[in-house]
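Notes to accompany the following structure.
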Amino acid sequence: MHPLILAPSILACDFGRLHEEVRRAQSAGADWLHLDVMDGHFVDNISFGSAFVEAARKASSIPLDVHLMVSRPDHYFPRYLPAASHITVHVESDHSVGDTLAEIRAAGVGVGLSLKPGTPFEALEPHLDQGDLVLVMTVEPGFGGQPFMPDMLEKVEAAARARARRGLNYRIQVDGGINGKTGAMAASKGADTLVVGTYAFNAPDMAEALRGLRGEG
Ligand code: DX5
Ligand code: ZN
């Protein structure tokens, strides 16, 4: 069992006040910050790139969890190595998944592996022993503020079962539509790492929202 990690997603913050927003999340109790890199090709949105992640890095010392929603993560991941604690890539992207994961690990950064809602959990099976983190998308990637997809909880359970069966130790992360209720649902199925975008940044009091997610309401 891993202790619960809460990772507010910077996608939901005020980009014009990035430094203040990063510090606000950190002082509200964030364990990590989640950074959604989108290339307008793998998903239907463009967010930000490595310069922005570097700027977030300068604002605080909190671990940065970089989620690459790009078609060629093998080409782009090196640009995120200096700032990232973890780099997560998608199994659906156009790359040799095992090679990319091995290269990220060899660079000394945590390795994450993710899948879209339409992709069966089995697609991750060949690579599970290479991951520090399995990210189950609970919305279609591309945008914050979408409703949680409860059907994805089956994949959270599958990730927990595979971890036990194979004696592995990866974290199980959920991303998309997480709030007090859906976060508790995901945690009850085995999720130990919660990405929270709009629910954290739009809360009247982010610290209170994060305490609620820890069950300390
Ligand atoms: C969606 C991103 C998420 C997003 C979550 O493609 O991967 O990280 O920021 O935002 P909320 O919590 O608002 O669904
Ligand atoms: Zn994300």
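Rule-based calculations on the coordinates, nothing more; no lab input. All of these numbers come straight from a predicted model, not from anything done at the bench. Glycine also receives a Cβ, built like all others from the backbone with ideal geometry; neighbour counts cover every protein chain displayed.
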Scope segment 1-27; condition surrounded by 14 or more Cβ atoms within 10 Å (Cβ to Cβ), more than 14 Å from ligand 1 (Cβ to nearest atom) and under 12 Å from S60 (Cβ atoms); matching residues: L18, V22, R23, R24, Q26
Residues of segment 9-33 that turn out to be within 14 Å of ligand 2 (Cβ to nearest atom) and out of contact with any Lys or Arg (no Cβ under 9 Å at 6 or more places or on another chain), as a count: 6
Test: residue in segment 170-182 that is away from ligand 1 (no atom under 16 Å from the Cβ), part of a loop (DSSP other than H, G, I, E, B) and more than 24 Å from H75 (Cα to Cα): yes
Boolean, V139 is within 15 Å of the chain's Cα centre (by Cα), part of a helix (DSSP H, G or I) and closer than 28 Å to D39 by Cα: no
Single residue of S96, S71, S47 found to be hydroxyl-bearing (S, T, Y), without any contact (Cβ under 8 Å) to a residue 40 or more places away in the chain and under 21 Å from F148 (Cα atoms): S47
Single residue of segment 34-74 satisfying the filter (within 14 Å of ligand 2 (Cβ to nearest atom) and of a type in the set (F, W, Y)) that is nearest to H90 (Cα to Cα): F42
Residue match in segment 26-37 (condition: in contact (Cβ under 8 Å) with a residue 24 or more places away in the chain and in a helix (DSSP H, G or I)): yes
Filter result for F121 (in contact with a Pro (Cβ under 8 Å, 6 or more places away or on another chain) and of a type in the set (F, W, Y)): no
Restricting segment 63-78 to residues that are in a loop (DSSP other than H, G, I, E, B) and within 16 Å of ligand 1 (Cβ to nearest atom), the residue that is nearest to L18 (Cα to Cα): P63
Residues (within 14 Å of ligand 1 (Cβ to nearest atom), assigned to a loop (DSSP other than H, G, I, E, B) and out of contact with any Pro (no Cβ under 6 Å at 6 or more places or on another chain)) located in segment 42-56: F42, D44, N45, S47, F48
Scope segment 79-110; condition in a loop (DSSP other than H, G, I, E, B) and either buried (at least 18 other Cβ atoms within 10 Å of the Cβ) or aliphatic (A, V, I, L, M) (or both); matching residues: L81, A83, A84, V91, S93, H95, A107, V109
Tally, over segment 100-148, of residues that are polar (S, T, N, Q) and closer than 21 Å to N169 by Cβ: 3
Residue ID - surrounded by the fewest Cβ atoms within 10 Å (Cβ to Cβ), chosen from residues in segment 137-182 that are within 15 Å of ligand 2 (Cβ to nearest atom) and at positive phi: G145
